[in-house]
Each structure stands twice: as C-alpha cells, then as structure tokens.
Amino acid sequence: KLAVWIGLSVNNSPNGCVGSPQSRASLLDVPLDVGAREAMLAKVLQRGMEDERWLQVARAMVHLGAAVTGATASGRPLLDLALTEADHGHSGFRDLTASLLEKLGDGVDQWDNPTVLVEENTAECPICMEVLWTSTPTAFVSFSTRGGVEGNPHVICAHFFCFDCASQQYMKQQSQNVDEFECPICRAPATEVMPLPDIAINPRLWFQFLDVDGSGTIEKNTVVQTLEAMLPIDTENLRTVLTENVWDEWDKTGDHKISEREFFDTGGLLEWIRGHQHELKAAQARGNPPPLSDAERWFRHWDTSKRGRLRRGELLRALCEEARVSSLEPKRIKKLKDGIEAFWWGRASDDLIARDSFSRR
C-alpha cells in the first residue's frame with residue numbers, strides 16, 4: 001500500500017481531482033487498519049524507532065503531502081514523538097523533525113482558518129519604541145536547576161525588548177557590580193538576557209523558555225505578550241480575539257494555561273503560530289499586488305500555482321490583504337466571506353473560480 005501511494009504521480013489536473021497533490025495527500029493520511037485512529041505516518045514513525053529505513057519512508061511521505069499534525073493511537077502528537085526521539089540522540093529523527101516543522105502550518109485552508117496579519121498597532125520595544133517583532137525579541141531570564149544541575153533558560157516576567165536595548169540594559173547593570181540583574185520594567189530578578197528561541201527550529205526549547213515557574217505550562221498572559229513580540233499583531237485586538245475565538249482550542253483543560261501536550265496538539269498554539277509564519281513568508285515572497293482595478297493582473301498575482309484558478313480561501317486571503325483585514329478581526333472576515341459567497345454564485349464551480357469568470361464584469 002505504501003509503495004502504491006508514494007508512487008502516485010503529480011499531474012496538472014485541478015486541485016482536488018484524482019492525481020492532484022490534494023487527493024494524493026488524502027490517500028497518504030488514511031488509516032491502515034479499519035477503525036484505527038492513527039494515520040499511516042504515525043505507524044511509520046513508530047516503526048522508525050526500531051528500523052531507520054522507515055524514517056526515510058516518513059520523510060518521503062511528508063514531502064509528498066502527508067499531514068504532520070496527526071497523533072498516535074494513544075493521542076500523542078507526531079511532532080512531540082519525533083522531537084523526543086531526536087532529543088534522545090536518534091539522528092534519523094533529528095533530520096525528520098526539521099521536515100515536520102517546515103511543513104507544520106503550511107497549506108492551511110485560508111477559508112476556514114485565515115492566517116493574514118496586518119502590521120498595524122504592533123508591539124514596540126518599551127525602551128526605544130522600535131517595532132518588536134522585527135528586532136529580535138529578547139527577555140531577561142533565569143535558569144532552572146534540577147539536582148544541582150543548571151537547566152534551560154526561562155523568562156522571569158515575559159517583558160520583551162529589542163535585542164540592542166536588552167543587551168545595553170544588561171551591560172549597564174553589569175557595570176554597577178550588582179549581585180543579580182533585574183528586568184528594567186518590573187524589577188524581577190534575573191541572571192542573563194537571551195533572545196526568544198526560534199519556534200521553527202526548536203519548539204520545545206521555545207515552550208520551556210516561556211515556562212516561568214517550571215510547571216510544564218505557559219500562562220495565558222505570557223502567551224499573549226510573546227505573540228505580540230514575535231508577530232505583527234494588533235495588540236488592541238489580540239486578547240479579545242484569543243478569549244472569544246481560539247484560546248479554548250489551545251487550552252483544552254480550561255485552566256488558563258497551555259501544557260506541552262496542548263502546545264503540540266493538532267490545532268494547538270504551535271500550529272497556529274507556524275501557520276501565520278508561513279503566510280508572512282509567502283507574503284514577502286509575493287511582493288505587492290497590482291491594483292484590484294486591473295482584475296486580470298491582480299488575479300495572476302494571486303494565482304501562485306499558475307493554473308488559472310483560485311480557491312475561495314485564496315481569494316479571501318487576497319482580499320484580506322487588499323482591504324488590510326487581519327485574521328484577528330472575525331467580524332470583518334465574515335463580511336468578506338459573505339461578499340465572496342455572493343460573488344461566487346453563477347461564476348464559479350464548487351471551490352474554484354477561473355480567471356475569465358473572475359474578470360467578467
């Protein structure tokens with residue numbers, strides 16, 4: 001079965017038709033056993049723990065489009081499994097983890113889960129007032145200790161600064177020969193300053209960095225301040241949107257904290273962040289679109305697959321950027337969706353609209 005699915009060819013058929021990447025990915029994600037909860041990739045990873053050749057199969061499956069957000073039969077997220085094996089020194093899993101992280105959040109259905117962010121009212125460094133998310137967010141940290149052994153660094157208060165200001169504050173306090181350092185905002189004691197780890201490279205270290213008290217959880221307020229520091233998010237909307245829309249999807253236990261298991265879960269905080277990072281990267285690669293008044297050129301700009309068609313989600317993403325609507329504005333998103341649905345009627349078939357139909361007056 002595995003050889004047949006991996007051997008499926010890619011052709012130029014429309015997305016969703018037999019032979020397309022979408023249909024192939026759906027085959028790669030089917031359970032191997034009747035009634036089983038885990039998809040094929042979960043089985044392959046478990047076999048890879050004993051036979052490294054299966055990890056080569058796993059990398060091929062991920063490359064071909066297998067979902068990386070699945071879980072084992074016990075509910076353990078696949079990425080968590082791979083990271084744990086990599087941490088235990090399994091080199092094959094270390095290589096696979098990079099592939100899993102690269103794919104995580106990529107190819108999100110923009111209709112159901114738009115990931116467009118608009119750089120307005122974003123967080124600033126509290127010292128120099130520079131935009132924070134492009135200035136290497138840095139925090140004052142301490143180190144956890146277990147059995148007298150120094151562990152990983154973690155924030156002491158989740159106040160973030162640009163790297164330059166944090167470094168200058170650290171050196172200023174160091175020149176005063178103080179016994180310990182402190183956050184210049186809240187005076188919480190610290191031992192060092194460090195940039196926020198790259199979540200796309202080591203999400204577990206990122207999580208541990210924000211675990212202030214070593215409880216294996218991240219407080220809601222810390223999550224909010226970190227998202228403001230690392231993404232171009234409107235700080236005025238963030239808390240409201242999280243509370244009303246997505247926090248319950250991340251915090252499944254309802255304790256106002258994110259556990260490591262919840263962090264890695266399908267639809268969890270890690271996947272949400274990676275989805276928005278992928279969209280930011282794609283937006284930079286696309287560049288600025290032509291004016292919407294030039295409908296055909298505008299359509300070609302957003303038709304990144306060059307197939308002469310757009311999905312509803314792709315059109316929604318384009319109009320969000322055109323109208324400067326963020327994914328954190330659900331009411332404005334709904335208005336755009338309603339407009340697209342009305343426009344769709346009589347012009348498009350199923351989930352696709354052709355360039356000629358779009359440009360028709």
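The values are calculated or read from the model by the stated rules, or taken from the named source; none is laboratory data. Values in this document were obtained by computation on a predicted structure and should not be read as measured data. Every residue, glycine as well, gets a Cβ built from its backbone with ideal geometry; the counts of neighbours run over all protein chains shown. Keep in mind that these areas ignore ligands, DNA and RNA; they rest on the heavy atoms of the full protein, side chains included. Shrake-Rupley method; radii C 1.70, N 1.55, O 1.52, S 1.80 Å.
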Number of the condition not met by Ala323 [criteria: (1) aliphatic (A, V, I, L, M); (2) farther than 17 Å from Val118 by Cα; (3) touching a residue at least 12 places away in the same chain (Cβ under 8 Å); (4) open to solvent by 30 Å² or more (accessible area, probe 1.4 Å)]: (2)
Please determine, by comparing only the residues of the range 117-138 that are among the charged types (D, E, K, R) and modelled with pLDDT of 90 or more, which one is most open to solvent (accessible area, probe 1.4 Å). Glu130
Considering the range 283-297 alone, what residues qualify as being open to solvent by less than 70 Å² (accessible area, probe 1.4 Å), within 24 Å of Pro197 (Cβ to Cβ) and without any contact (Cβ under 8 Å) to a residue 12 or more places away in the chain? none
Every listed condition ((1) touching a Cys at 6+ places or on another chain (Cβ under 7 Å); (2) more than 24 Å from Gln284 (Cα to Cα); (3) outside any helix (DSSP H, G or I)) holds for Cys165 save (3)
Taking Tyr170 and the conditions (1) within 30 Å of Pro330 (Cα to Cα); (2) assigned to a helix (DSSP H, G or I); (3) open to solvent by less than 50 Å² (accessible area, probe 1.4 Å), which numbered condition does it fall short on, given that it satisfies the others? (1)
Looking only at the range 298-316, decide whether some residue is surrounded by 13 or more Cβ atoms within 10 Å (Cβ to Cβ), among the aromatic types (Phe, Trp, Tyr), within 25 Å of the chain's Cα centre (by Cα) and more than 22 Å from Ile273 (Cα to Cα). yes
Complete set of residues in the range 337-361 that are surrounded by fewer than 16 Cβ atoms within 10 Å (Cβ to Cβ) and not in a helix (DSSP H, G or I): Trp345, Gly346, Arg347, Ser349, Asp350, Arg360, Arg361
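In the set Val193, Val155, Val141, which member is in contact with a His (Cβ under 9 Å, 6 or more places away or on another chain), open to solvent by less than 60 Å² (accessible area, probe 1.4 Å) and aliphatic (A, V, I, L, M)?
Val141 is the lone residue from the list that is in contact with a His (Cβ under 9 Å, 6 or more places away or on another chain), open to solvent by less than 60 Å² (accessible area, probe 1.4 Å) and aliphatic (A, V, I, L, M).
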Matching residues in the range 250-268 - criterion: being within 19 Å of Ala67 (Cα to Cα), outside any helix (DSSP H, G or I) and either at pLDDT 90 or above or open to solvent by less than 50 Å² (accessible area, probe 1.4 Å) (or both): Asp265, Gly267, Gly268
So is Ser91 of a type in the set (Ser, Thr, Tyr) and within 21 Å of Leu270 (Cβ to Cβ) or not? no
Looking at His154 and the list (1) within 26 Å of Phe264 (Cα to Cα); (2) in contact with a Pro (Cβ under 9 Å, 6 or more places away or on another chain); (3) not charged (D, E, K, R), which single condition is not satisfied? (2)
Restricting to the range 180-190, name every residue that is open to solvent by 40 Å² or more (accessible area, probe 1.4 Å) and over 20 Å from Ser144 (Cβ atoms). Ile185, Arg187
